[in-house]
Amino acid sequence: MTTPLSPDSAGWPRRVPVLIAGGGPVGMTLAALLARCGIASLVVEADDGYCAGSRAICMSRRSQEIFGWVGADKALVEKGLSWVGGRSYFRDREVLHFQMPSEPTQRFAPMVNIQQFYAEEFAHKAALAQGGLADVRWSSKVRAVRPEAGGAQVDIEAPDGAHTVQADWVVACDGGRSTVREQLGLQLEGTQYEGRYVIVDVVQKTRRAVERLAWFDPPSNPGSTILMHRQPDDVWRIDYQIRDDEDPVEAVKPGNVLPRVQSHLSMIGENEPWEPLWISIYNAKCLTLPSYRHGRALFAGDAAHLVPIFGVRGLNSGLDDAANLAWKLALVQQGRAEEALLDSYSTERVQATRENIVYGAKSTEFMAPPNYGFKLLREAALRLATEDAAVSSLLNPRQSTPVEYVSSPLNLPAQESAFESGARAGMPAPEALLRADCGDVHLTSCFGEGFVVLYFAGQTGLPQDIAALATPGEEGPAAVKVICIAGQGEPAAGACVDALGQARERYGAVEGSAFVVRPDGYLLGRWKNAGAADIDAALKPYRQALAAGQAHPS
């Protein structure tokens, strides 16, 4: 073990294992996840506090699970508003009404509306609660990044002056205008759309259900498209499209915004007093870096990719970046895995971004047609939907769903042909409500730190060699927990009963089969007739002995 370098005279660390540029929800969540893995980080944020305005407002079930791993889910659920569905209108006629898929046994709602600054706050508090391993510095900006063989030197401008920090790893979570990306001479690739939307937060009391509301060519704002979402604190988030010939600087001036908002609120019968809170402007982008790893620099969130807001894949994909990266970076930093493991972060998350971009582009082209041809097709679909309800499903944008890592180098596909159904390697491990000795337990609450082996048995009880795979007392991403899921019997320590049959159905399991879940809740592999030697071999690349002399500077 090497001795960490001492702080400078102003109290800034001279060296850190991980420097995170950007303290938005992705950067804060990454810091919290790393701390849970035992890795210290320094978060450098240019703003003096949490963001202003609603910004990213829709958090998926998967994102809520990630927040749950660091203990931030309770505050999120208590504050957020769960979707019940959505409605779309063509002019003054309803053409779509959908309900969000939900069941009483689920741990989280499919989608929750909440302002981004709350997500930042909850993630920040979770990071600070993880044993003091997360150091957050506000009003501080990364100015220069100088890569070296074993990390990078990072120059930071702070209120108390300039500082240089040596980092083993730099993770850029500093948004669409990433300084780290600029410093390394990297550019996003893809498509930027011309259509612009004004975004407005207004406070107004309402009794409407929490639904995604959309209007195409409404009488209140002819020729425009309008989206509305309810948020906590009696806030409406309203997005409306402006004409191509409108000056974006003029478009966001209150004198132009407020009459359009008033016209729409009056049209839909929302007559309570209201006042504006925040106004901004947005245009859709489908952009990504080709790779999210460049030596000791890694990219996540908007610093790595920009996807359209339609389909709510921005923040949710960024949180998935953090979940994917944290355990891999921790294992590498601890000397438990080779640096090549981080290449799989880029492979998996670039694939996810490209899939998100495909769906996001389709939604964008419907919400804000890029040319006259698209506009004609959209109007034809909307007109047809007023006459034929079967067409309505074509109008429903696909909401954010977890991506399957189809071609991940980590997947273990050898046993896939033995299964006829159920979740495959590379898919998110499904949820199931189980009966444990302490009461009902959601299976996903067992994920998020180390590896989890799920063994399916007829009665509670594990074969001795399978039970021996567990590493009691070990913490962090290299730890292994073994859970017996029995079809019947009484629950016991380390064993649950699948009384509802959900786990067997969703995993395609039979007696004697086993599944290995990665620390980010994705399936690594599955075996129809599990052998402890096979499972142990699958885990071996992530459980090397700590490298001699490995430094763990804090």
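Here are the numbers for this structure:
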item	result
Net charge dipole size for region 416-542 [Lys, Arg +1 and Asp, Glu -1 on Cβ; Debye, nearest 20]	240
Fewest-first sequence of 305, 163 by Cβ atoms within 10 Å of each Cβ	163, 305
Inter-part distance where region 439-506 and region 30-92 are each reduced to a Cα centre, Å	28
FRET efficiency for residue 383 and residue 245, using Cβ-Cβ distance with R0 set to 30 Å, rounded to 0.05	0.70
Approximate spin-label separation residue 206-residue 468, in nm, with each point projected 7 Å along Cα-to-Cβ	6.2
Computed FRET value (nearest 0.05) for residue 499 with residue 91, which takes r as the C-beta separation and R₀ as 60 Å	0.75
Coil-residue GluC sites (Glu not before Pro) of region 402-439, DSSP, other Cβ within 10 Å capped at 14	420
Crossing angle, helix 341-367 versus the chain [Cα axis fit, 0-90 degrees, rounded to tens]	20
Where the Cα pairs of the chain fall when distances are cut into 10 Å bins, in %	3, 17, 26, 25, 18, 9, 2, 0
Gain on full stretching of the segment that runs from residue 158 to residue 99 - 0.36 nm per residue minus C-alpha separation	16.4 nm
Gained length - residue 129 relative to residue 194, 0.36 nm times residue gap less alpha-carbon distance	19.1 nm
Separation of the residue 46 and residue 148 label points, Cα + 7 Å toward Cβ, nm	2.6
Spacing of the two label points (7 Å from each Cα toward its C-beta) at residue 343 and residue 278, in nm	4.1
The chain, dipole about Cα centre (Lys/Arg Cβ +1, Asp/Glu Cβ -1), debye to the nearest 20	280
Among 456, 538, 417 the positive-end extreme of the charge dipole of region 416-542 (Cβ point charges)	417
Relative intensity, log₁₀ I(q)/I(0), of region 416-542 from a Debye sum that treats every alpha carbon as a point, q = 0.13, 0.20 Å⁻¹	-0.44, -1.16
Cα-based Rg / Dmax (Å) for region 347-429	18.1, 51
Where only C-alpha atoms are counted, convex hull volume of region 113-230 per residue in Å³	200
Potential extension, residue 253-residue 510 segment - 0.36 nm per residue separation minus Cα distance	86.3 nm
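No value in this document is a laboratory result; all are computed from the given coordinates. In this text, all values refer to a predicted model and were calculated from it rather than measured experimentally. Don't worry about glycine lacking a Cβ; one is built from the backbone with ideal geometry, like all the others, and counts go over all protein chains shown.
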